[in-house]
Structures are given as C-alpha cells and as structure tokens.
Amino acid sequence: MISYAVEQVSTYAKDIDFLILLICGLVGFWFFVAEGVLFFLIFKYRAKEGGKAAYMDGTDPKHTRFISWPHRFILICDVVIVVFAVKVWMGVKQTMPAPDQTVRVVAQQWSWSFQHPGPDNKLDTADDIKTLDELHVVVGQTVQFELVSPDVIHSFSVPVFRLKQDVIPGRAIKGWFKTTQTGSYDIQCAEICGIGHGAMVARIVIEQPERYAEWVAANVATATVPPAPAAPAPAPAAPAPK
Amino acid sequence: MSFAKPLATLRTSAGLPTGRLALWWLLASEVIIFGGLLASYVMQRLGHPEWAYEAEHTNIWFGAGNTIILLTSSLSAVLAHQAAQTGDGKKAARYLWLTIGGAAWFIVNKAIEWTGEISHGFTITKSGFWSFYYTAAGLHGLHVIAGATAMAIVALDAAKNKELQRVEYVGIYWHLVDVIWIFLFPLLYIAK
Amino acid sequence: MSTHAADHAHAPDSGDEHEHVHPPSFYVKIWAILTVLFAISVAGPMLGVKIVTILTAFGIAIAKAYLVCAYFMHLNIQRRWVVYLELAVLGMVLLFWFGVAPDVMKHEGQNWENVAAKQAVERGMAAHAAGAAHADAPAAPH
Amino acid sequence: MTTTTASHHADAHAAGHAHDDHEQSFFVKYLWSTDHKVIGFQYMITGLLMAMIGGYMAYGFRMQLAWPGEWIPGVGFLSSQQYNAYVTTHGTVMIFWFAMPVLIAAFGNWLIPLMIGCDDMAFPRINRLSYQVFLISAVVLIGSFFVDGGAFGGAWTAYPPLSAKATMNLSPLGSTMWVLAVALEFVAFLLGGINFITTAMNARAPGMKMMDIPIVVWMIVVASILFMVSVGPLVAGAAMLVLDQQLGTAFYDPSGGGDPILWQHLFWFFGHPEVYVVLLPAMGVCAEIITCNARKKFFGYKTLLYTVFATGIISFFVWAHHQFVAGIDPRMANVFTITTLIISIPIAEMIFLYIATLAGGQIRLNVPMLWALSFVAEFLLGGVTGIFLGASGSDIYFHDTYFVIAHFHYTFVPIAVIACFAGFTHWIPKMTGKMMNETLGKLHFWTTIVGFNLVFLPLFITGMWGDHRRIYNYDHFPDLSTQALQDLRIASTVGLLIMIAAQGFFVWNLIWTWKKGPAAGNNPWQGTTLEWSTTSPPGHGNFHPMPTVYRGPYEYSVPGAEADFLPQSQPPA
C-alpha cells in the first residue's frame, strides 16, 4: 500500500507496513460494516405514509445484543492491534542493536549537518567527516544515530525507512536503522521549525562498502579542523549557542 | 444599572444554592491551574538538586509572616460568614474589611520582600527556581488582589444587609487562596 | 431584591450548614490549632534533619489544608459529591504528574539523555561549591 | 417534592421581573444584552465570521500547495513566513474560535435554558462577560496579523523554543499576542463553562430529573467539565510561555535549564481532551436531530451517558499519543498506546447507538437530518483512521504527515462544520421563527459534502506517500515533487474551492430566510423537548408560564398515543 509509492529501505519498514496493513484490514472491515448498516437502515426505515416508528428504549437484551456482540469483537481487534503495535514499536524504538557505524545528526534552522565517524569508525575523533545536507551510510550496516539540535525542535524523518524521531534541543536522542538497498533518498524535517521548515531537506546516500570507502577517502583529506580536546567533551551535543 | 435576577439563578435542583455550586466548580478549575503549575515545579525541582541552593536565598520570615497573615485573615473571613449567617450584615462587613486589610498587608509584605530580592540580583531570569518562585507567588498574588476586590464589593453590599449569601462565597474563595499559600509556603520557602 | 430570603426559603435542600451555625469561638479554636501547626512547620527545618523537614513541611501543610477546607470552607458538612469533585481534580493533577515526570523529572531514559539539564545541574552545583569555598559555608543543604 | 415547591416559589418571585426591560436601545438589546438567546447569536455569528477567516487562510495555503509560488487571487504571493502564519492561524481559529464558540457556547446558550425549561442562564452577566472576553480574544488574534513581524507561525501546538524565542520565530509580538489570545479565550470558556454546568445542574424545570435531561445538554455539560479540568495546566503553561517570550525566563529553554518537553505535555494534557470537548456537543446536537427525525426514542439513553462519562474520563489518560516520536521516553508510548485504543471502545459504542436509533424508525430526510446522518457517516472514517495514529508502531510513520491532517479533518469537519449546520438548520426556526429553504439547504448540503470529501480523501494518500505537514513548497523535496502527488494536491485544492463555493448556497439561504422565510410555528419538527413548547422565537423569559416536566426527552411514537410525539411538558392524560 505504502510501498507502492515509497520504497522499503530499512529492515523494519516491512514490519511497519505490515502493521499498517493489519490495522487497515481490521478497521476497514468495521468501517464498511458500520457504513453499510447505516445506509441500509436509512434506506429501509425511510418515512412512509402512515407508518409508525417502533418504540424501544434500548434496554431489551433482544436489541442490545446487536451492539454488545460487535463490541466484544472490537475489543478483540483492539487487543490484536495493541500487541502488534507495541511489538513494532519496541523493535524500532526500544531496542538498540550493536551498531556498525555511529553518526551524529545535527538539525538546525534550516539544514541538516551530519558527523560521520570517518576511517577509524569512531565519533568525535580528528578524522570525522562533517557534511551538510548529505548523509552517507553503507548498505546492510546497522547505523546508530544521535540526534541533537542547537536551536528549536526538528524531526528526523526518513520516509523510506518509515522512521521518524523528533530532535529536541538540549537532548541527545539515539536511534538506529539498518538499510537493505542502495540509493539516494529524502531526509525531511517533520516538525515545524520556522520559516525555512519547508525547505529543510537532506539526502541520505546508501552505498556499497567500496563506494563508501572511496567517499571517505576523498573527504577525509578535506575534513574540517580537528575538534579541540582529545578527551570527549562533557557534551558534544552542547546546545546553548551563546 | 438595575439588574433583575432571572429565575434560573434562584432555582436549586442540585440541592445547593447556585452561587455556591458555581463556586465549587470555580475552585476546581483554580485547583487544577495551580496544580499544573506546582506539578511542573515539583518535578523540575526534584530533577534539579542545585535549585536547593537558590531556595536558600528566600527569606523564610517573610514567608512565615505572610502565612500567619493569611491564616488569620481566613479566620476573619469565616467570622464574617458566621455573622452573615446570623443576619448581621454590618458585622459581616466589618470582618470582611478586616480580611481585606490582611490581604493588603500580605501584598505590602510581598512587595518589600520582592524588592529586596530583586535588588540583590535574584530576578525572575536568574534561574529556574526563581522563575517558578515569581510565577507561582505572582499568580497567587493576583488571586489575593482579585479576592480582596471581590470582598470589597461584597462588603459594601453586606453593610446594607444585601446579598448576604455572597459573604460566604467570597469567604470560600478566600480560604482557597489561603490553602494555595499553605502549599506554596513549604514548596518555596521551607524545602531547601 | 433579596436572594438571601429565597435561599432561606428552601434551606432544607440547599446544603445543611444553615442548621450548623457554629459560635465564633469554634472558629477561633480552629485558628489556634492552625497557628500551632504553623509554628511546628517553621520550627521543623531548624532541626536540620531532612526527613523531619519533609514531614513537618508537607505533612503539616496537608493537615492545615484539611482544617481550612473542612471547617472554614465547611466541606465537612457540604454535599459529599463536592468533596469528590475537588478530590477528582486533585487526582488529575497527580495523573499529570505521573505522566510527565518520566520525561521532565528524569534526565535520561531509554535511548535519550537530557544533556542540557545535566549540564545545568553540574553548573549549579559547581557554582555553589565555589561560593561555599569563598564565604563561610552555610549549613549543608538537605 | 420540595424542589418543585421551592422552584414554584422562586417562579412566582421572579415573575414580577420578567418584563421590566422594554424599550432598549440597539446597543443594549444586541450588544450589551444578558439574554442567553442574544448571546447565543453573538457567539454563532462571531464563530461563523471567524470560520470565514479560517477558511480564507485555508484557501491561501491550499492554493499555494497546488500551484506553488504562483500569484493567488485575493491573497497575492504567499511567503513561507506567511504560509506558516496562515497554517497556524487556520488551526487555532477553527478549533478555538469556530468549533468551540459555535458548538459549546452558541448551542449551549441557545439550548440549555430552553431545554431545561428556565428563563436564562444562571449567571446572565457572567455570560455576557464571557462573550466579551471571547470577542477581545478574537480581536487580539486577528490583530496579530497587523503588528511588526506578522502573526505567529509556529503551528497551533506552539512548541517551544520556536514559540518562545523571537530570534527563532521572527514574530516577537505576534507570538505573544497568539498566546494571550488563546489564554483569553480559555478564560472566556471557563466562565462560560461554569455557567453552563451550574445552569444545567441547578436551574432545571420542576419535575426534570437527571435522566430527563436532553442528550445535548448532558453533552455540553460534560464537555464543559472536560474543558475546565484539562485546561488548567495549560493556563499556567501559557503564563510561563509569555514570560519566556517577553521576560527571557527559561521555563522551556534548554540552554537555561528548562525543558521544551514540559510544554508538549502541558499542551496535550489539554489538547487531547479538547477533541472530546468539541466532539461531545456535536454528537449531542446530532442525537437530538436523529431522534426527532427518526421519530424514535434514543436507543439506550443511559448507555450513551455511560459511554460519554467513560470517554471523558479515559480522554485524560491518552494525551501522549500525540508525542510518541516527539521525544518522550519510548517506554511511556506503550502505556499510551493501550489507553488510546481503549478509548475506541466507548466511542464505537456511541456510534453504534446512533446507528441503532435508526432501526425501526420513520426517517424523515430533511436538511438537518441529512447533516446529522452525514456526521455519523463521515465521523466514522475520522474515527477509524485514528487507530493508525494511536497505535505507536504505525504512528512512527504517520506522525506529522498529511494522513494526520486528513484524519483529524475527518473528525473536526463533521464536528465543527457538519454538526454546526445540522444544529443551525434544526434550531434556527426556533430562534428566528422562520423556516429555511429546503431546496437551497439540500444543494448546500450535497455540494459541501462532495467538496469536503474531495479535499481530504486525496490527503490520506499523499500522507501515506510521505507528504509532511506545514511545508509550503514540495518542490524542495526530490522524493515528494512527483506529478502524481502534485495531482492529488491539486484535487484537494479543487475540493476546497467547491466547499467554499458551496457556502454561497448557505448565504443565499440565509438571505432568503430573512426576506421571505415562512413562519415556523412553535414546533415545526414535532419535537418533544421543552424548547418546542414555547413560541418561535421565544420571548424574553422564554416560557409563559414556566413549564413542568412529566416525562423523558424522547417520547416519540409512544404506543397508544394519538400524535407520534409526547412533549415533555404535556401533562399525562
């Protein structure tokens, strides 16, 4: 349904799509049943010359069972949805698989900057590669990201991953994804962040390991100035721009 | 402007006078306004141990003095109600004016206290504690002023033996202002 | 026009306290109790024991609030649902507290960390330590 | 029964005052009145005017989305700052200045005193004050468009630090005026709400027991209670936000030790019950219309009340489902998923009861009934799509996409527009004494419904395909600037143009009704509730003499009775 227009590029994309499809089936069934009954009743009981309406107050079990039984089924549907929703949620947001690579995502008004770990695959070292509006990852690797913002709330949204997480200034929020195919896709800001919100877009470039290595090699030479202290600063994510 | 009370005001299907009924609902909304503010304060306070050092700079004696003023003014408010119950509007009005005096004294105390604190650099922007301190106490102070104004209006009527049931209503409102302070006092002054 | 008269006309179903006119001395007694409680709440922290401070400050605040609500506001002879109404509203405040505290009171949780708040705490503690080293240290905060 | 005698005593007491203010000037009669019917009209007219403003905003930004960057007739070029301001104001206006005043305040003012059989609200002057404060709040909001920096553009949720710092939202005055306007509006509705609750509790006609109160009155009262209990923390929060904006405190500013998440909680603790605050009166309005036009008792009056109470209580436990991906602890999301799906149970029960009420009826498809039935039909779609958003797993994808927009417009348009027109067409004969035109009414109904579905059905699809909210130009997003998506956006805009044009029929109908509407008579719909037993329009004091209630509110088609309806105030034979 969604994959028709938006590819599934992360490992959990198909879980989320399945959950959506499941909910769609369950609530779709109830929706069409309810609408069907509604229109049928409107048609069947339209006013007729000399007709008289029934007098019932809705306490007779003969009548209320038409409501109470569907109601129990709805309860069961709810339980099914909760179970699957929580399962998907825990898989996406509450687990943290061991990462192959860690990146830092800085969302600011109104662009994205990304801090790649560089050749040594460690963040906050001298060979980090910082890019603007372009995130490079290796296909098939588990990437852990850390979201920080120096100004207002943004939201890190990658539709092809089915992933979304708000970036809260002052907080460092972690998440993960594991890509399944190469390509280049949108990263969008999904939380209003000021006048440039409508243009706050970046691209994620998912590459084969060789291409990624080439990219790293080409960029590490021109990498930005090394961060001042070798020891990790108490908070690299320090928000407060003075 | 003459205003004839409609029948709707006089009916009592729920079993208590309309004014008092509305007042309980008003109190409920006040409780949740202050409740939301104080809940926000308490959770931040528990998360920020350094606020305790800021709280040391509050003057417990001003807080204590204001507590005793409000407790006593609550007594005079309830005595006004008692007088109104016995139909003595003049006495009720006198007690109400006494309560208003308490409110005025409270505000004067507050003004002196805040002037001192602000002049020592403890302004509303100094830290989170002071922001909450001024916001909570300020919101409470607005209620003190509003309550005193309402009492003045009621006292003028009560002195002419009119609308005596209102003496009870402003009294209840005043007790709420008192109760809020009873919680603000330990939250802002004592807990350090 | 006197509504008061109308009120009295159907006093039987308009709350009961019209039949419970306490003498002024009753209220003065309550006030005296309140004053004593108040004195304890101010004296409590002077012992400098944290648990005593918490108990005297907030336990006594609740006791005082109960006395004022019950006897000054006459909630003790008010219709019961009024008491339940106010308690339900307090319950909502608690609900709010428990819903929000995991995010705001705590400075870290699953996969997130409130860096700014931790820094603020550190800054505040450091500033205090520096200040305490300067002047004669006041009694350690509880 | 002492209450009855007491009330009769009071009735006699007030009778002398019923007619002491004749010969009023225009100002006193229409702008300074304490009469609940006039205040109801004030709220209704102000609400509809504000809806026009909100609709104009919608027109502006939908045109921009369909044809980005082009000159828009009647608006001009829309900058991204203006676009944000339009989006923000549209949301704020439609909820706080259209849905609430029309559904709670206008219908509450019109119906509560009439339906419970008394002459006015319990506190007429507070009622007037409430409207005046509301009017000021509307003026402040509109005024924010004309100050330096323009209107606030940080979305109706106003998440700080964007809303708190002028350096970030670039509207130093507009943002503060927005908060003040919203806070004033809250004050107005707190005053109004306490008035509604007190009136319905205390001012009922003799003989009207709790279970004889018409459903719409119950609903407005429960909605007022929900509003009152939920809005408190946000009132405090708004004060804190203004201090952040103007004095530079740091309640929500992380660099000063504050926490932006706190506002989100304060806001949604109010924001979610707010949905039910406007939903319940709308459902009440439709319940009245459906029972009357199906000529049938409501199916399960008490069951409905229980589901309403259950909904009201559970609605306080679900707020954080708006924040699943907004930075709350992920463990909390599981709790809120469960509570959110629980709330579907009473809501589904409510809808079932409405549908069941139709079974065995004699359904008259007049204009109010068409609106009321379409409310149920359309709201169903809004309701079921909410499950996608309440379930945490799928909300990761759907959060802040156009799917959300389509979902909540399928709840809010039935609530604010459809139920508003349902109630308006049902009760305007009572309030003005004139019948509206059925043909124009049906034209208005069908064009509006077609337009409405054309606006929002495509948005479900664009949302599923990844369109995010509050973006003024999708050309910047390579994945979103496809022709298929753009066609859907254009379809949606065309739908909006149809929906706006459809309101021409409504205006035409109003003018027709005003000029040559036939007299309505006391009871044009053969209703049973008390308002139909007095004159149309009701005079000052509403009832002469005051009614006494003998039976429940929906005694239609009672076996053995002559007419197919038994008014509440008709003494037993």
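Conditions (1) of a type outside the set (A, V, I, L, M); (2) in a helix (DSSP H, G or I); (3) surrounded by 24 or more Cβ atoms within 10 Å (Cβ to Cβ), marked per residue:
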{"position": "D:Val38", "(1), (2), (3)": "no, yes, no"}
{"position": "D:Gly74", "(1), (2), (3)": "yes, no, no"}
{"position": "D:Asn84", "(1), (2), (3)": "yes, yes, yes"}
{"position": "D:Thr88", "(1), (2), (3)": "yes, yes, yes"}
{"position": "D:Thr92", "(1), (2), (3)": "yes, yes, yes"}
{"position": "D:Met100", "(1), (2), (3)": "no, yes, yes"}
{"position": "D:Ala106", "(1), (2), (3)": "no, yes, yes"}
{"position": "D:Trp110", "(1), (2), (3)": "yes, yes, yes"}
Checklist entry - Do we have D:Ile471 as more than 23 Å from the chain's Cα centre (by Cα), part of a loop (DSSP other than H, G, I, E, B) and either within 14 Å of chain A (Cβ to nearest Cβ) or within 22 Å of D:Ala85 (Cα to Cα) (or both) here? => result yes
Checklist entry - For region D:59-79, how many residues meet the condition of being under 29 Å from the mean Cα position of the chain (by Cα) and either over 20 Å from D:Leu454 (Cβ atoms) or of a type in the set (Lys, Arg) (or both)? => result 4
Checklist entry - Taking region D:435-454 on its own, how many of its residues are closer than 15 Å to D:Ile511 by Cα and free of Cβ contacts under 8 Å to residues at least 24 places away in the same chain? => result 1
Checklist entry - more than 14 Å from chain A (Cβ to nearest Cβ), β-branched (Val, Ile, Thr) and surrounded by fewer than 17 Cβ atoms within 10 Å (Cβ to Cβ), is that true of D:Val455? => result no
Item to check | Options D:Ala205, D:Ala239; residue that is of a type in the set (Gly, Ala, Ser), surrounded by fewer than 23 Cβ atoms within 10 Å (Cβ to Cβ) and at the interface with another protein chain (Cβ under 9 Å from one of its Cβ atoms) | outcome: D:Ala239
Checklist entry - Regarding B:Gly121, is this residue within 10 Å of chain C (Cβ to nearest Cβ) and not in a helix (DSSP H, G or I)? => result no
Checklist entry - In the list A:Glu49, A:Glu35, which residue meets the criterion of being at the interface with chain D (Cβ under 7 Å from one of its Cβ atoms) and either over 23 Å from A:Arg162 (Cβ atoms) or modelled with pLDDT under 95 (or both)? => result A:Glu35
Next on the checklist: For region C:27-44: of the residues being crowded, with 19+ Cβ neighbours inside 10 Å and at the interface with another protein chain (Cβ under 7 Å from one of its Cβ atoms), which is farthest from the chain's Cα centre (by Cα)?
Outcome noted: C:Tyr27
Next on the checklist: I'd like to verify a number: residues in region B:67-90 that are touching a residue at least 60 places away in the same chain (Cβ under 8 Å) and among the charged types (D, E, K, R), how many?
Outcome noted: 1
Checklist entry - Mind checking which residues of region C:73-118 are surrounded by fewer than 20 Cβ atoms within 10 Å (Cβ to Cβ), assigned to a helix (DSSP H, G or I) and within 14 Å of chain A (Cβ to nearest Cβ)? => result C:Pro102, C:Lys118
Next on the checklist: Can you go through B:Arg20, B:Arg11, B:Arg45 and tell me which one is facing chain C (nearest Cβ under 10 Å) and within 20 Å of B:Tyr133 (Cβ to Cβ)?
Outcome noted: B:Arg45
Checklist outcome for this item: Within region A:73-129, residues being part of a loop (DSSP other than H, G, I, E, B) and more than 9 Å from chain D (Cβ to nearest Cβ) number 19
Checklist entry - Among (1) surrounded by 19 or more Cβ atoms within 10 Å (Cβ to Cβ); (2) more than 9 Å from chain D (Cβ to nearest Cβ); (3) touching a residue at least 60 places away in the same chain (Cβ under 8 Å), which single condition is A:His154 missing? => result (3)
Checklist entry - Given the conditions (1) modelled with pLDDT under 90; (2) in a helix (DSSP H, G or I), and given that B:Ser74 satisfies all but one, which numbered condition is not satisfied? => result (1)
Checklist outcome for this item: Expected single match for surrounded by 21 or more Cβ atoms within 10 Å (Cβ to Cβ), aliphatic (A, V, I, L, M) and more than 30 Å from A:Val148 (Cα to Cα) among D:Leu279, D:Leu305, D:Leu365 is D:Leu279
Checklist entry - For region B:124-133, what are the residues that are part of a helix (DSSP H, G or I), in contact (Cβ under 8 Å) with a residue 12 or more places away in the chain and crowded, with 23+ Cβ neighbours inside 10 Å? => result B:Gly128, B:Phe129, B:Phe132, B:Tyr133
Checklist entry - Of the residues A:Lys130, A:Lys164, A:Lys174, which single one is of a type in the set (Lys, Arg), at negative phi and without any contact (Cβ under 8 Å) to a residue 60 or more places away in the chain? => result A:Lys164
Checklist outcome for this item: Selection over region C:51-71 where residues are facing another protein chain (nearest Cβ under 8 Å) and within 25 Å of D:Met201 (Cα to Cα) yields a count of 1
Next on the checklist: Exactly one condition in (1) assigned to a helix (DSSP H, G or I); (2) out of contact with any Pro (no Cβ under 6 Å at 6 or more places or on another chain); (3) hydroxyl-bearing (Ser, Thr, Tyr) is false for D:Ser492; which is it?
Outcome noted: (2)
Checklist entry - Among the residues of region D:417-434, is any more than 21 Å from D:Leu49 (Cα to Cα), surrounded by fewer than 21 Cβ atoms within 10 Å (Cβ to Cβ) and without any contact (Cβ under 8 Å) to a residue 60 or more places away in the chain? => result no
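The values are calculated or read from the model by the stated rules, or taken from the named source; none is laboratory data. Values in this document were obtained by computation on a predicted structure and should not be read as measured data. Backbone-built Cβ (ideal geometry, glycine too); neighbour counts: all protein chains shown.
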